[in-house]
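Worksheet: one structure, shown below.
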Amino acid sequence: MSTETLSLDEIETLALAALVAAGTLEQNARDLARATAMTEADGVASHGLAYIPIYCEHVQCGKVDGKATPVLEHPRPGVIRVDAATGFAHPAIALGFETLIPAARELGIAALSIRNSYNCGVLGVHTQVLAQAGLLGLGFTNAPASIAPSGGQTPLVGTNPFSLAAPDGRGGAAVLIDQSANVIAKSEIMKHAREGKPIPEGWALDADGNPTTDPETGLAGSMAPSGGYKGVGVALMVELMAAAMSGATLGKDASPFSGTTGGPPRTGQFFIAIDPDASSNGAFAARLAALVDALRAQPGARLPGDGRAVARARAARDGVAVSSATLERIRALI
């Protein structure tokens, strides 16, 4: 596959230009472009620049309002609410974090709910921001239904990721857990479908609940939950946090993130920020270090987030190799 190496600044600039050309306000596009560069730096190419043409198409068809102005409410000291107004999740999250972070530092813990939102991309990008601020960040986001309940065949809940980022005390994340409720990200199955490649058995189920290696059949059926009924439980937990707790649309009623039909999905996100020193009486850093040291002592053991940290350092030094086909599609939009 032909690739071209771009710096992180070049990735952000390219994403910004395409989003603005599609009709997104620059202030909204900038948050999304910055997250796109972070996503590419972390090595998650399936959610990086490859998504920019989709975002632009969704602005143009009205699935997301690129000119929306998110509205913040602060009803209680430890609770912040943001209405994304059917716009991009990224500017709504950035606006909410401006109040969430100082509230968590003052109170020890604070929560942010976001409704009437859209695909927030890689959830760990957002919880990393909280860890960089010295807070332990928990994040939840719901998605259009694509996982059937245990014993059922009809999708009821989305792939519904959750993320935890623990601060390392040096402006970064010592641990970054970011996982969805399904075996593999739906975007990976969509990528296989675009490329006409079969998927490994165990990634998806057909409409009758049987395993399939055909990505199109899997997309028309159900994503396979990770760990069977345990994955369904995770998806339900995230649905409660990101949709019920925020007042957002349930995944079963949300329009798909893919394609142009159905109007805005109006899904939601929920974040909890905790000052670890407040809850642990100053013991957090030592406990975290002991845990990490014990893991590192085992040859070959990996900490969640290790792969992304290595990719991030490499990207900062060498840039990121991006598919030439992806770059061609984006440049054609500008």
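Which residues, taken from segment 42-63, are β-branched (Val, Ile, Thr) and closer than 18 Å to MET190 by Cβ?
Residues of segment 42-63 that are β-branched (Val, Ile, Thr), as a first pass: 44, 52, 54, 59.
Residues satisfying the conditions are VAL44, ILE52, ILE54.
So which helices (runs of 4 or more DSSP H) are wholly in segment 268-334 and hold at least 1 residues that are loosely packed, with under 11 Cβ neighbours inside 10 Å?
Of the helices (runs of 4 or more DSSP H) lying wholly inside segment 268-334, those with at least 1 residues that are loosely packed, with under 11 Cβ neighbours inside 10 Å span 284-296, 306-318.
Any idea which of (1) assigned by TED's automatic domain parsing to the domain that holds ALA243; (2) within 16 Å of the chain's Cα centre (by Cα); (3) of a type outside the set (D, E, K, R); (4) modelled with pLDDT under 90 is the one GLN153 doesn't satisfy?
(2)
Would you please name the residue that is farthest from the chain's Cα centre (by Cα), looking only at residues in segment 202-216 that are without any contact (Cβ under 8 Å) to a residue 40 or more places away in the chain and assigned to a loop (DSSP other than H, G, I, E, B)?
Residue satisfying both the conditions and the ranking: ASN210.
Starting from residues that are β-branched (Val, Ile, Thr) and in contact with a helix residue (DSSP H, G or I) (Cβ under 8 Å, 6 or more places away or on another chain), keep the ones in segment 178-209 and report whichever is farthest from SER323 (Cα to Cα).
Selected residue: VAL183.
State whether the residues of segment 71-88 include one that is buried (at least 19 other Cβ atoms within 10 Å of the Cβ), in a strand (DSSP E or B) and at positive phi.
no
Being surrounded by fewer than 23 Cβ atoms within 10 Å (Cβ to Cβ) and in a loop (DSSP other than H, G, I, E, B) is the filter here, so list the residues in segment 237-253 that pass it.
MET245, GLY247, THR249, LEU250
The values are calculated or read from the model by the stated rules, or taken from the named source; none is laboratory data. Predicted model only: the values in this text are computed from it and were never measured. Note that we place each Cβ from the backbone using ideal geometry, even for glycine, and neighbour counts take in every protein chain shown.
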